[in-house]
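Take this structure first; my questions come after.
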Amino acid sequence: MGIFDNIDSPSDVKALSTGELDELCAELREFMIKSVSKTGGHLASNLGVVELSVAIHRVFDTSKDRLVFDVGHQSYVHKLLTGRKSRFSTLRQLGGLEGYPKPSESIHDAFIAGHASNSISVALGIARARTLSRGEYSVIALVGDGALTGGLSIEGLSNAGESGEPIIVILNDNGMSITDNVGGIARYLSRQRMKPSYGAFKKRYRRLMDILPGGRAIYGFTHRVKTLIKNAILKCSMFEEMGLQYSGPVDGHNIGRIVEALEWAKRQNGPTVVHVLTQKGKGYEFSERSPEEYHGVRPFNYKTGVKTSRERTFSSVFGDELSKLAANDPRICAITASMTSGTGLSGFAAQFPERFFDVGIAEGHAVSMAAGMASKGAVPVFAVYSTFLQRSYDMLIHDVAISNLHVVFAVDRAGLVAGDGDTHQGLFDAAFLCSVPGMTVFSPSNYAELRDMLRLAVGSLDGPVAVRYPRGSEGIYRDGGADNHKCVREGKDFCLVTYGFNVNTAIEAADRLEQDGIFVEIIKLGCICPIDIGPIAESVAKCGRLLVLEECAGRGSVGEGIVAALAKKGQKRAAKFPKSVLLMNTGDLFVPAGEIAELRELCGIDAASVYDAIKAEMKTGK
């Protein structure tokens, strides 16, 4: 039996001897590698923060102290140390353990996390609430160097420094160095500043200078000299200029050093930054060699590692087609927010490096930059996950749409997304994109349509254009074209309107209903904004009943827009409104983690649910 077998809570970590901590870290890594190889999940980031997570639980009590994660995909070790080991086999599964921090899951989870750069702001809010209520607990924000590229992190740091609130920002630096690690002198001076004797000496020296004649002038002079020397050697003035005390860089795989740094930060009566250097993927040969490949993984054989899939996906088809278009049009540029591989742009980046721009985790900046590029004749294509495009809504309206600039948004992971849960579902873009005046929104059902619609979006249209598509591979429906609408199947009993990948669900349901003598007419929309209501109105007039099927939130859904347009058309032309209307979408639900088939069933938008709904509606005899 190993040490980890006896760890059921953070108090068990505190009870270990110093010598047992390294063994615990080794066992944690082995457990995570084997477990994530079965469930899938974020592996490399968690392997990199094992010692850091153990040290945090050595110094703090997260049932009382508030630990706020940034992004949150590095929270697995935290979960394992806070009583969730027995549920780890359910990670990212429907009804199982969430892949991100979730306050409803554990008292040890202070705040949700799924999008980057908000942790410092959230932690400062908690710290200010603590001060108002005269509470006594520490507040810690754990932020990665990648998340620090987001503007919200800088806003949070600036305000935290100005506030003077006791707050600890742990900077987990596993790639992009913010401060040079300049060797032994820097580490020595950093350790000296962390010692209690150093802080006590500073206080005594300041009090003495306040008493002595001319002491304040002397103190000011020595302080300026010390700052000049420190900045010249440590090069860490960015944080201190914002008003935060800085400690680091600290070896993120040396528990003793991390504990020492965190205990120093805990004693300070003000905002501090502890800069920790870690290696992403540490302790597993495959992830150390290719940390990006092991960032988020599907189940794999842990003995042989992840096998790279050569299967085509919507993302890869998008990247290939954009590269072909760019080869014939030097105006086309590609933009990503630190998701080159995930959005299928690796090939474009290699082929056109001068026209490829990775802006870091800064989606708002990406959209504003794209607007600037478009204003001078470039054709920028911003490839971004639907859930992260939400962060750019103001820039999309203010910088792009008002000026009707030709920016193309390649909206990946639109609709339901497996595994990552409610923070990553692409269920809102259809509503918020279609709310923007002048916006054109395409939703391809398969690869052929994606190619056609991307060509149209890039080369033939003006103004802002979005092409939204799901994660993964195409389904059974593979007809091409970039039609605004298409009658996929004729029928007489029910008009079923859908778009994107859901045409496959519609066809499956229609096949089952036809066996029962119910004939469904399927209208597939290629362009969901603006909608050509004419063909839909004709089908509704013929069938008398309408069902709109989509993977999006209910409020502001395409279905609501269709119903409103039909009502408006009916008022103008005395046309008959459908005698029954069914809008099938994800409603008001924040959809949890799970497999796509499970999530569609949960939301009531799978083929069986469509079959049951139409069958029940036909039985009413309306």
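The values are calculated or read from the model by the stated rules, or taken from the named source; none is laboratory data. It should be emphasised that the depicted structure is a prediction, and the values quoted were computed from it without experimental measurement. Every residue, glycine among them, receives a Cβ derived from its backbone with ideal geometry; neighbour counts consider all protein chains shown. We work out accessible area using only protein heavy atoms, side chains counted, and drop any ligands, DNA or RNA first. Shrake-Rupley method; radii C 1.70, N 1.55, O 1.52, S 1.80 Å.
Taking only pairs six or more apart or across chains, which ones have beta-carbon atoms under 6 Å, a first residue in region 382-396 that is over 15 Å from Ala430 (Cα atoms), and a second residue that is open to solvent by less than 10 Å² (accessible area, probe 1.4 Å) and among the aromatic types (Phe, Trp, Tyr)?
If the second residue must be open to solvent by less than 10 Å² (accessible area, probe 1.4 Å) and among the aromatic types (Phe, Trp, Tyr), the pairs left are Phe382/Phe409.
For the subset of region 234-265 comprising residues that are surrounded by fewer than 16 Cβ atoms within 10 Å (Cβ to Cβ) and under 26 Å from Ile154 (Cβ atoms), which member is modelled with the lowest pLDDT?
For region 234-265, the residue satisfying everything is Lys235.
Which residue pairs have Cβ atoms closer than 7 Å, lie 6 or more positions apart in sequence or on different chains, and pair a first residue in region 1-19 that is closer than 18 Å to His78 by Cβ with a second residue that is basic (Lys, Arg) and at pLDDT 90 or above?
Listed pairs, sorted by first residue: Val13/Arg58; Lys14/Arg58.
Further question on the same structure: Return the total of residues in region 297-316 being of a type outside the set (Val, Ile, Thr), in contact (Cβ under 8 Å) with a residue 12 or more places away in the chain and open to solvent by 70 Å² or more (accessible area, probe 1.4 Å).
Just the residues of region 297-316 that are of a type outside the set (Val, Ile, Thr), to begin with: 298-303, 305, 307, 309-312, 314-316.
From what is left, the residues that are in contact (Cβ under 8 Å) with a residue 12 or more places away in the chain are 298-302, 305, 311-312, 314-316.
If we keep only those that are open to solvent by 70 Å² or more (accessible area, probe 1.4 Å) too, we end up with 298-299, 301-302, 311-312.
Selection size over region 297-316: 6.
Here is a yes/no grid of residues against (1) touching a Lys or Arg at 6+ places or on another chain (Cβ under 6 Å); (2) at pLDDT 95 or above; (3) closer than 30 Å to Glu98 by Cα; (4) open to solvent by less than 10 Å² (accessible area, probe 1.4 Å):
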{"position": "Ala371", "(1), (2), (3), (4)": "no, yes, no, yes"}
{"position": "Ala374", "(1), (2), (3), (4)": "no, yes, no, no"}
{"position": "Phe382", "(1), (2), (3), (4)": "no, yes, yes, yes"}
{"position": "Thr387", "(1), (2), (3), (4)": "no, yes, yes, yes"}
{"position": "Val400", "(1), (2), (3), (4)": "no, yes, no, yes"}
{"position": "Ser403", "(1), (2), (3), (4)": "no, yes, no, no"}
{"position": "Val408", "(1), (2), (3), (4)": "no, yes, no, yes"}
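Quick check on region 376-383. Is at least one of its residues in a helix (DSSP H, G or I) and either in contact with a helix residue (DSSP H, G or I) (Cβ under 8 Å, 6 or more places away or on another chain) or not acidic (Asp, Glu) (or both)?
No, the conditions are met nowhere in region 376-383.
If you check Ile528, Ile605, Ile562, Ile523, which single one turns out to be assigned to a loop (DSSP other than H, G, I, E, B), at pLDDT 90 or above and buried (at least 21 other Cβ atoms within 10 Å of the Cβ)?
On the way: Ile528 fails: assigned to a loop (DSSP other than H, G, I, E, B); Ile562 fails: assigned to a loop (DSSP other than H, G, I, E, B); Ile523 fails: assigned to a loop (DSSP other than H, G, I, E, B).
Sole residue among the options that is assigned to a loop (DSSP other than H, G, I, E, B), at pLDDT 90 or above and buried (at least 21 other Cβ atoms within 10 Å of the Cβ): Ile605.
Let me ask you something else. Of the residues in region 86-109, how many are open to solvent by less than 20 Å² (accessible area, probe 1.4 Å) and among the small types (Gly, Ala, Ser)? Break it down into steps so the answer makes sense when it comes.
Step one: of region 86-109, the residues open to solvent by less than 20 Å² (accessible area, probe 1.4 Å) are 88, 91, 96-97, 99-101, 106, 109.
Adding the requirement that they be among the small types (Gly, Ala, Ser) leaves 96, 99, 106.
Going through region 86-109 one residue at a time, the tally reaches 3.
Please enumerate the residues belonging to region 266-292 that are assigned to a loop (DSSP other than H, G, I, E, B), touching a helix residue (DSSP H, G or I) at 6+ places or on another chain (Cβ under 8 Å) and open to solvent by less than 80 Å² (accessible area, probe 1.4 Å). Steps first, answer last, please.
First, the residues of region 266-292 that are assigned to a loop (DSSP other than H, G, I, E, B): 268-270, 278-284, 290-292.
Subset that is touching a helix residue (DSSP H, G or I) at 6+ places or on another chain (Cβ under 8 Å): 268, 278-284, 291-292.
Within region 266-292, Gln268, Thr278, Gln279, Lys280, Gly281, Lys282, Gly283, Tyr284, Pro291 qualify.
Read through the list (1) hydrophobic (A, V, I, L, M, F, W, C); (2) open to solvent by 10 Å² or more (accessible area, probe 1.4 Å); (3) more than 26 Å from Lys307 (Cβ to Cβ); (4) within 28 Å of the chain's Cα centre (by Cα), then give the number of the only condition that Ile3 fails.
Single failed check for Ile3: (4).
Would you mind finding the one in Val411, Val407 that is under 22 Å from Val558 (Cα atoms) and aliphatic (A, V, I, L, M)? Reasoning before the result, please.
Details: Val407 fails: under 22 Å from Val558 (Cα atoms).
One residue alone meets the criteria, Val411.
Here is a further query. Which count do you get for residues in region 51-105 that are more than 21 Å from Ala593 (Cα to Cα), polar (S, T, N, Q) and part of a loop (DSSP other than H, G, I, E, B)?
2
Quick one: in region 568-584, of everything that is surrounded by 14 or more Cβ atoms within 10 Å (Cβ to Cβ) and in a helix (DSSP H, G or I), which residue is modelled with the lowest pLDDT?
This residue is Gly570.
Let me ask something else about it. Can you confirm whether Gly319 is in a loop (DSSP other than H, G, I, E, B), buried (at least 19 other Cβ atoms within 10 Å of the Cβ) and not hydroxyl-bearing (Ser, Thr, Tyr)? Lay out the reasoning, then the answer.
Details: in a loop (DSSP other than H, G, I, E, B): no; buried (at least 19 other Cβ atoms within 10 Å of the Cβ): yes; not hydroxyl-bearing (Ser, Thr, Tyr): yes.
So Gly319 fails the test.
Going through Phe428, Phe432 one at a time, which residue ends up being closer than 24 Å to Ser375 by Cβ, modelled with pLDDT of 95 or more and either surrounded by fewer than 24 Cβ atoms within 10 Å (Cβ to Cβ) or polar (S, T, N, Q) (or both)? Show your work before the answer.
On the way: Phe428 fails: closer than 24 Å to Ser375 by Cβ.
None of the others qualify; the one that does is Phe432.
Within region 454-496, restricting attention to residues that are surrounded by fewer than 15 Cβ atoms within 10 Å (Cβ to Cβ) and charged (D, E, K, R), which residue is nearest to Ala541 (Cα to Cα)?
Lys492
Something else about it: Regarding Thr505, is this residue within 12 Å of Leu546 (Cα to Cα) and either surrounded by fewer than 24 Cβ atoms within 10 Å (Cβ to Cβ) or among the polar types (S, T, N, Q) (or both)? Lay out the reasoning, then the answer.
Values: within 12 Å of Leu546 (Cα to Cα): no; either surrounded by fewer than 24 Cβ atoms within 10 Å (Cβ to Cβ) or among the polar types (S, T, N, Q) (or both): yes.
In short, no.
Only one of His365, His406 is touching a strand residue (DSSP E or B) at 6+ places or on another chain (Cβ under 7 Å) and in contact (Cβ under 8 Å) with a residue 24 or more places away in the chain. Can you tell me which? Steps first, answer last, please.
On the way: His365 fails: touching a strand residue (DSSP E or B) at 6+ places or on another chain (Cβ under 7 Å).
So the residue among His365, His406 that is touching a strand residue (DSSP E or B) at 6+ places or on another chain (Cβ under 7 Å) and in contact (Cβ under 8 Å) with a residue 24 or more places away in the chain is His406.
Filter region 539-552 down to the residues that are more than 16 Å from Gly491 (Cα to Cα) and open to solvent by 10 Å² or more (accessible area, probe 1.4 Å) and list them by number. Before the answer, list the steps.
Start the filter on region 539-552 by keeping residues that are more than 16 Å from Gly491 (Cα to Cα), which leaves 549-552.
Within region 539-552, Glu551 is the sole residue that qualifies.
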